[in-house]
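Take a look at this one; I'll ask things after.
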Amino acid sequence: MNVKHMLCLSALILFMVACGSEKQEKEKTDKSVEVPIKQEQIAMVDTLENGEAKRIELQHILISFAGTRTAATRTQAEAQLLAAEVLGEAQSGQSFSELMKKYSDDTGSGQYALRNNGVQSDPSISNEYARGQMVPAFGNTGFKLDVGEIDMANFSKKDSPFGWHIIKRVR
């Protein structure tokens, strides 16, 4: 092989390597553009400095008893026992909506949109309440939940005077 052929072969090899590298770089770039924004990144935009969400949506089941500001007739002990049972059913995967229909003493819809302290109201969101408009235990429990998580706010004369709130965060 003469020098001229060797130079041509070398140039061809360099060209092929360069084209391959360019193709790989393009593939890397194309892939990085196609990567969707992660839910955690969206959540960061919708959170306050303390890590709590700016807005949440909850479903809740109120288990009340006679003597609270509801029409319930069960005793406080019966309500506490029922609340624990319903919480167990909800956490085991029973339909939360069905449990609401069956057990809740809430006279409203049982589904509420809440905005956190210091968050301005949004006219496009209907039926949204400020956190301070609800009993403290409702918001304190609700804003600590992740989407899909279920927990209970225990009865307290000061923070939860209506009874036990079994709460599921839906948004």
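Working out 0.36 nm times the residue gap between LYS158 and ALA77, then minus their Cα-Cα distance, what length gain in nm do you get to one decimal?
27.3 nm
Plugging the Kirkwood radius over Cα pairs into Stokes-Einstein for the range 55-169, at a temperature of 25 °C and a viscosity of 0.890 mPa s, what D comes out in µm²/s?
Diffusion coefficient, whole number: 172 µm²/s.
We did not get these values from a lab; they are worked out from the coordinates using the rules stated. Quick caveat, the model's predicted, so the values are computed rather than measured.
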